[in-house]
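So the structure is just underneath, and the comments pick up after that.
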Amino acid sequence: MKNLIVIAFIATLFTRIEAQENIYLRGFVYDKEANNTPLGMAAVQIKNTQLGGLADDNGYFEIPVPKMNLKDSLKISYVGYQPKMLSIVTYKEGDTLRISISSAAETKQEAVITSYNARGVLLKAIDNLRKNLYTDSIIQTGFYRQYHKENGKYVRLIEADVSVAFNIKSPYKYSFHELMQVNKQRRSENDERNVDANNHGDHLADLLKENPFSYNKNTFMNPKMIDFFAPKFESEDSVQFVIKTQYKESSSAKLEQAKIWVEKETFAVLRIEVQKYPNPYYVKSRYANNSIWKLVNETDVVELEKNNGKLFVSALNRTYNHHVVNPVTGDVDFIVEETFDLYFDEYETDGVGALVQKGKYSEMSDLYLTKYKYADKFWNDYDALDDYPLREEIKTDLEHAKPLNTQFVESGR
């Protein structure tokens, strides 16, 4: 009898383990009314769960799903198209679904805002981007500052006067195939002990790309993505709406939340804040690479200001906190926090092409390694240092051995 009980227990245990195993659900989404052309960015989600993902530009999706969820239906949706529910109970590993969806009869009416719900306001704001934003070539010049913190102490500082040449090609992309020019720079000594700290990329270039108006088609600023981000009103006053969105794609390692400030009179986007965290719904793919950098949180901010009736991006900020994990022990060796600020105060819209040709613009700033001669008079007269003073705790940590002015000079040799 005992043996029968043990066997029954083991059988039950294996049944539970098997039920919790993941299967990779693969397939393509097509536009039925356009000769079955691929429908990129279509949302694919297991009904009543947080499991899901997005189709790529070829309409292809691949999402990890626990086998037990195959009893649920698969929902395919896309802005302007009729959602489709599909049974996947008979799906087997290695199968490829081919799903066609049709446009909704109300598609042409979606741009008309009949009531001020959050979805409608955000769609209107996106639709008005070309009207509200300055949409021609421009060079913006301003102050860039980046500082790093390691295990609670500030260990590096870079400051620069930079010019960035932008060109808008799409109403949904505020630039950014940008070119950069470092006019003046200065650096503190590098006191980072993390051995991977010397592998920094170009954070100024990365900061520009974090702007939600640019590059990434998977953001809430893409009208085709609105429903997947589930916009809701957080607050409003007589001047503006504040809209909150949340993105829960199970195939993404990051959980993304955002707030968007929209001016009521013009439906202009005035400010964007994006927060990213490790995604608790994320199921790691078997092909995903391990990294010693583990995200704790990240915040990205875009601010805009009006000049001659048009909006310009006036400031960009990015702060992230990572744990650096020992690849052998799995312990956290370093807690790293890095902040990147860029404040624009000058705009040049005439003869941008000629100015770029005369300058030394490139796709990378190379602020870590570029040789420079410290310009004492320039920095003494630089107004941005008064407008954006360095926090005292940063200065205190960095001046552990010698004054910052001495470090700036020595680092430039």
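Every number in this text was worked out from the coordinates using simple rules, so none of it is lab data. Quantities reported herein were computed from a predicted structural model and do not represent experimental measurements. As a convention, Cβ positions derive from the backbone with ideal geometry for all residues, glycine included, and neighbour counts pool all protein chains shown.
Name the most mobile residue of Tyr134, Tyr382, Tyr347, meaning the one with the largest mean-square fluctuation, in a Gaussian network model of the chain with Cα contacts below 10 Å.
For the chain, modelled as a Gaussian network with Cα springs under 10 Å, the answer is Tyr382.
Rounded, prolate or oblate: which fits region 266-405 when a ≥ b ≥ c are the square roots of the eigenvalues of the alpha-carbon gyration tensor, with rounded for a/c under 1.5 and prolate only if a/b beats b/c?
Here region 266-405 falls in the oblate category.
At a 10 Å Cβ-Cβ cut-off, how would you order Glu346, Glu265, fewest neighbours first?
Listed from fewest to most nearby Cβ atoms, that is Glu265, Glu346.
Answer with one residue from Tyr287, Val162, Val195: the one whose Cα lies farthest towards the positive end of the charge dipole of region 129-411, charges on Cβ with Lys, Arg +1 and Asp, Glu -1.
Value computed over the given set: Tyr287.
Picking from Thr266, Val328, Ile226, whose Cα lies most toward the positive end of the charge dipole for region 129-411 (charges on Cβ: Lys, Arg +1; Asp, Glu -1)?
Ile226
Give me Trp379, Trp261 sorted ascending by neighbouring Cβ count inside 10 Å, so fewest comes first.
Arranged by neighbour count, lowest to highest, Trp379, Trp261 become Trp379, Trp261.
In what sequence do Tyr60, Tyr374 fall when counting other Cβ within 10 Å, fewest first?
The order, fewest Cβ neighbours first, is Tyr60, Tyr374.
Counting Lys and Arg as +1 and Asp and Glu as -1, each charge on the Cβ, what is the dipole of the chain about the Cα centre in debye, to the nearest 20?
Around 1580 debye, computed over the chain.
Can you tell which of Phe378, Phe267, Phe340 shows the greatest fluctuation in a Gaussian network model of the chain with Cα springs below 10 Å?
Highest fluctuation of the listed residues: Phe378.
Could you work out the local net charge near Arg391, counting Lys and Arg as +1, Asp and Glu as -1, over the other residues with Cβ closer than 12 Å to its Cβ?
Its environment carries a net charge of -1.
Highest mean first, what order results for 393-400, 122-129, 285-292 on Cβ atoms within 10 Å?
For the peptides 393-400, 122-129, 285-292, the packing ranking is 122-129, 393-400, 285-292.
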